[in-house]
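The values are calculated or read from the model by the stated rules, or taken from the named source; none is laboratory data. Small disclaimer: the values here were computed from a predicted structure and weren't measured. Cβ atoms come from the backbone with ideal geometry, glycine included; neighbour counts cover every protein chain shown.
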Amino acid sequence: MTTTTEHIERIRLKLQSLLKEHHALQKENEKLKAELGRKAGIEQEMKEKTHQLEEQVNILKASTGQMDEASKKAFEKQLNHYIREIDRCIAMLSQ
């Protein structure tokens, strides 16, 4: 009978230990998820900033006449896209 009680006690202690470890891992997982979300937000901000800086470089090249033909066509295409978007927004506001 004593050995059965000892086995049950050891199982109970192991179970408590596993539960503590499980809770610690859950907390660590939540912390890592939050950090991952924060890093993803920073990455998105950096991508947007890079895009803005690339646009500024293109505008500066266009204004100084230092663009090659391929860059000029790409820049004009982008400008036309922006103009269409602006026209679409104006049309939506007019309704």
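A few remarks follow.
- Close pairs from the stretch 46-60: first farther than 17 Å from Lys77 by Cα, partner among the small types (Gly, Ala, Ser), Cβ under 7 Å, at least 6 apart: none
- Checked against the criterion of being of a type in the set (S, T, N, Q) and within 16 Å of the chain's Cα centre (by Cα), the candidates Gln52, Gln78, Gln66, Gln44 yield just one match: Gln44.
- When Ala34, Ala24, Ala40 are checked against the criterion of being closer than 30 Å to His81 by Cβ and either outside the structural domain of Gln78 (by TED's automatic domain parsing) or in contact with a Leu (Cβ under 6 Å, 6 or more places away or on another chain) (or both), a single residue qualifies: Ala40.
- Residue within the stretch 56-65 that is part of a helix (DSSP H, G or I), at pLDDT 95 or above and among the hydroxyl-bearing types (Ser, Thr, Tyr) present: no
- Taken over the stretch 3-45, the criterion of being farther than 30 Å from Gln78 by Cα and polar (S, T, N, Q) is satisfied by Thr3, Thr4, Thr5, Gln16, Ser17, Gln26, Asn29.
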